[in-house]
Amino acid sequence: MQFPKVTLERPRWTPFNIVAAIIVVVGLVITGIRFTQGLAATTRLSDYNPWGIWIGFDLLVGVALAAGGYVTSAACYLFGLKRFHTAVRPAILTGFLGYALVVLALHYDVGRPWRLPYPFLVQQGTTSLLFEVAACVALYLTVLFIEWTPAAFEWLGLKRARNLVVRLTLVLTIFGVVLSTLHQSSLGALFLIAPSKLHPLWYSPYLALFFFVSSIVAGLSMVIFEGALAHRYFHHKMDETHRREADGVALGFAKAASWVLAGYFVLKLVGVAQADAWHHLASGYGAWFLLEVVGFVLLPCFFFAVGAREKNLRIVRFTAAWAVLGIVINRFNVGLIAFNYHLPAEERYFPHWMEIGISLFIVTIGILAYKFIVRHMPILYAHPDYEPH
Amino acid sequence: MGEGVHSLHEFMLRTESITYILIAAALCGFVFFWRFLSERDEDRDYLGADRPGGEEEGQGGAHH
């Protein structure tokens with residue numbers, strides 16, 4: 001059987017390529033400034049606001065949106081939902097790139113990035129949640145890399161290496177789920193040490209649970225959203241099986257997402273009830289909280305349910321983008337907007353344009369890497385020389 | 001917050017009571033939500049799971 005090779009003449013200077021090139025060049029310049037002149041020259045971080053968007057967006061949002069890897073592989077290999085098999089490789093790839101870029105972003109944010117391995121090599125801060133997050137992210141990035149390698153090995157023609165890694169699929173999936181459960185929740189638990197800094201509507205002893213449950217929604221929504229984009233821009237790279245199963249993946253995941261969102265909505269209400277924070281709902285922050293919980297949790301829950309029930313892919317795909325935006329807003333709220341809410345306006349954090357530039361740079365690198373890998377490796381189609389695993 | 005809350009006991013009684021009512025209401029609501037979500041599924045499968053002989057109802061077992 002012949003390897004399905006599609007060669008299309010593509011214009012080199014498309015609008016996307018021009019914008020991406022500008023962002024990459026500006027990002028490289030800012031990178032130079034960041035690593036020669038330090039954080040003060042490129043950020044508005046301070047003692048009051050030591051975590052900016054490189055943590056609030058690049059790390060908190062990045063880790064949540066990369067959850068599609070463990071959600072999809074668990075659905076397929078642990079729960080036996082083999083109809084979702086074609087979604088596993090794209091989800092693993094997105095997860096791997098997401099975590100790799102989280103670690104890259106950390107190099108910008110940490111004052112002395114060359115000390116990132118210190119918690120493992122020099123001094124283990126085993127009582128710190130950050131140590132647990134660091135250990136889990138490092139291990140899970142390794143797991144995602146190994147889970148992604150079969151596609152690369154198939155591309156390179158390394159059959160024995162590919163078959164060896166494929167035999168580890170179940171072990172890697174279990175390991176990935178355990179590590180994700182630990183660090184997705186621990187990222188929320190990080191804020192438990194700051195009960196006076198985080199607004200009572202967002203602060204809750206259940207923060208760890210909120211982060212973990214919402215990461216499942218983020219993972220499911222991202223797989224649907226990314227699948228819709230792949231369908232639009234890489235349709236020619238998809239084989240018949242991927243095209244046929246794509247609708248079933250979107251509808252199945254929409255059903256699961258609506259169910260998880262319903263549970264998440266109830267958990268958020270329980271959080272408010274346990275803190276007896278109902279009176280805060282009548283404030284400005286209360287209106288913003290209601291917008292998040294009703295507008296970006298309850299409504300997506302309802303529309304996912306309608307989309308799955310009516311088998312309406314347009315509703316499902318639109319709602320997936322909506323839910324992804326909801327996760328971004330939630331992580332921004334916990335990490336930035338509702339954090340340090342009591343500070344006067346002049347002390348509040350607003351990112352420097354270079355911080356935004358680096359975040360755009362990192363997202364752009366991710367998109368370019370995704371494009372390169374999907375174009376060259378069997379992600380959206382099964383390699384004809386290998387049995388699906 | 002209620003004006004009648006003066007002690008930790010009263011606070012716990014209030015917050016736990018509301019939480020229990022919320023949970024009970026949510027559990028009842030979930031039943032109706034699940035029915036809304038899945039009542040149009042032809043084979044009522046769980047999240048679209050593969051079932052042995054799922055497409056050939058009544059014949060039993062997987063067919064290859």
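The values are calculated or read from the model by the stated rules, or taken from the named source; none is laboratory data. Only a predicted model underlies this, so the values are computations on that prediction, with no experimental measurement involved. Because the Cβ atoms are built from the backbone with ideal geometry, glycine has one as well, and the counts that use them run over all protein chains shown. Note: areas computed on protein heavy atoms with side chains; ligands, DNA, RNA excluded. Shrake-Rupley method; radii C 1.70, N 1.55, O 1.52, S 1.80 Å.
Summary table below
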| quantity | calculated |
| --- | --- |
| Among (1) within 14 Å of chain B (Cβ to nearest Cβ); (2) open to solvent by 50 Å² or more (accessible area, probe 1.4 Å); (3) assigned to a helix (DSSP H, G or I) - the single one A:VAL272 does not satisfy | (2) |
| So A:TRP278, is it farther than 25 Å from B:PHE36 by Cβ, out of contact with any strand residue (DSSP E or B) (no Cβ under 6 Å at 6 or more places or on another chain), facing chain B (nearest Cβ under 9 Å) and open to solvent by 60 Å² or more (accessible area, probe 1.4 Å) | yes |
| From the options A:LEU220, A:LEU198, A:LEU207, A:LEU187, residue that is in contact with a strand residue (DSSP E or B) (Cβ under 8 Å, 6 or more places away or on another chain) and buried (at least 19 other Cβ atoms within 10 Å of the Cβ) | A:LEU198 |
| Spans of helices (runs of 4 or more DSSP H) in the stretch A:281-389 with at least 2 residues within 14 Å of chain B (Cβ to nearest Cβ) and farther than 30 Å from A:TYR108 by Cα | A:299-310, A:313-332 |
| Odd one out for A:LEU325 among (1) hydrophobic (A, V, I, L, M, F, W, C); (2) open to solvent by 30 Å² or more (accessible area, probe 1.4 Å); (3) at pLDDT below 95 | (3) |
| Which numbered condition A:SER214 fails, given (1) more than 14 Å from chain B (Cβ to nearest Cβ); (2) surrounded by fewer than 21 Cβ atoms within 10 Å (Cβ to Cβ); (3) of a type outside the set (A, V, I, L, M, F, W, C) | (2) |
| The stretch A:111-126 - residue that is closer than 26 Å to A:ALA40 by Cβ, in a helix (DSSP H, G or I) and open to solvent by 30 Å² or more (accessible area, probe 1.4 Å) and, of those, farthest from the other protein chains (Cβ to nearest Cβ) | A:TRP114 |
| Of all residues making up the stretch A:72-110, the number that are outside any helix (DSSP H, G or I) and of a type in the set (Val, Ile, Thr) | 1 |
